[in-house]
Amino acid sequence: MMALRRRIALLGWGVLLGGCAGKQAPPVQHYALGMSRAEYRDYAGSKASPCDAEPRWFSDELTAVNGLLARFIQETAQAQDPASPDQPQHLALLEEGLRTLPPVLKVHEGNLRALQGCGFRRSGAFPDLAQRGASLLKEAQGRMALGPQIQAAVALREAQKKWREEAPAREEKARGTWCSKDPQVGQPDLYFARQAPDGRTEWLFCDGHRVEKQADGEPTLVSPENLSRKDRRRVQPQKYLDAARGYPTEEMDRQPGSATPPAAAAAEEVH
């Protein structure tokens, strides 16, 4: 009789252990983003259910990913603010997140959805984890969606900064290309034209003259300082204005991102 009971007990344990083996939890995945770390399991990807998992483990996993997302949101908030001293670090973390975070977001979204079918969903910390997780997930997805736009804006600002820094070199190169070593005053040889971000335009001539035009103003000829009376008599302002009017608008030096006005409209502005 004792032997029979022992066999029944062993059989019962075998069935129990066999049932547990059939519901083994997926392997733990390790993820790092910046200085943050999180461990989680991909239940849906492993065709498993978190409802069969140890609730304490599942709670810890949801807490870890929620914390990582909260830090990601906080530490990328200044990614599009060039005035912030933290902008470079925030942008770098955002770029890292764009490369590596999407699979984690997908798993976390699936785990939060699966939680709603678990019997323990209303116990312990799970209600707060679910609510906070849904909010963080939405905010992180929104930040990720803005990522390419933020990157493009930052790249444009860098290009504009480079444009400003290299402006003197471009002007000097054009002078060396189009101007003779001894330009004659009164010869409207135009070698360079630039349009500033505020709409102000200037056309530069080899003899030191320039034509200037404010965004909504009329073009005017500006003569170099200390021009002799004899040289002044050689200058015919209309020739300089005509040369400026005929300069191809598509060849004008503009800040990256500036719109190029139609050639006809630009031609009408200088008369």
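The values are calculated or read from the model by the stated rules, or taken from the named source; none is laboratory data. Worth saying up front: this structure is predicted, and the values here are computed from it rather than measured. For neighbour counting, all protein chains shown are included, and Cβ atoms are generated from backbone atoms with ideal geometry for every residue, glycine included. With ligands, DNA and RNA removed, areas are computed over all heavy atoms of the protein, side chains included. Shrake-Rupley method; radii C 1.70, N 1.55, O 1.52, S 1.80 Å.
Numerical summary
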{"read-out": "Residue check, S49 modelled with pLDDT of 95 or more and of a type in the set (G, A, S)", "value": "no"}
{"read-out": "Residue in segment 81-103 that is open to solvent by less than 30 Å² (accessible area, probe 1.4 Å), farther than 27 Å from P148 by Cα, aliphatic (A, V, I, L, M) and assigned to a helix (DSSP H, G or I) present", "value": "no"}
{"read-out": "Leading residue by the ranking (farthest from G133 (Cα to Cα)) among those in segment 48-76 that are in a helix (DSSP H, G or I) and under 21 Å from the mean Cα position of the chain (by Cα)", "value": "Q74"}
{"read-out": "So Q160, is it in a loop (DSSP other than H, G, I, E, B), in contact (Cβ under 8 Å) with a residue 60 or more places away in the chain and under 29 Å from the mean Cα position of the chain (by Cα)", "value": "no"}
{"read-out": "Cβ-Cβ under 6 Å pairs, at least 6 apart or on other chains, segment 212-232 side farther than 13 Å from P188 by Cα and assigned to a loop (DSSP other than H, G, I, E, B), far side of a type outside the set (V, I, T) and open to solvent by 50 Å² or more (accessible area, probe 1.4 Å)", "value": "Q214/R200"}
{"read-out": "Segment 25-49: number of residues that are in contact with a helix residue (DSSP H, G or I) (Cβ under 8 Å, 6 or more places away or on another chain) and basic (K, R)", "value": "2"}
{"read-out": "Segment 170-187 residues that are under 22 Å from R232 (Cα atoms) and in contact (Cβ under 8 Å) with a residue 24 or more places away in the chain, paired with ones that are open to solvent by less than 50 Å² (accessible area, probe 1.4 Å) and in a helix (DSSP H, G or I) (beta carbon under 9 Å, 6 or more apart)", "value": "V185/D231; G186/D231"}
{"read-out": "Checking C118 against (1) out of contact with any Leu (no Cβ under 6 Å at 6 or more places or on another chain); (2) surrounded by 14 or more Cβ atoms within 10 Å (Cβ to Cβ); (3) part of a helix (DSSP H, G or I), the condition it does not meet", "value": "(3)"}
{"read-out": "Every residue from segment 185-208 that is β-branched (V, I, T) and outside any strand (DSSP E or B)", "value": "V185"}
{"read-out": "Meets criteria (over 30 Å from P224 (Cα atoms), open to solvent by less than 50 Å² (accessible area, probe 1.4 Å) and within 34 Å of the chain's Cα centre (by Cα)) for A167", "value": "no"}
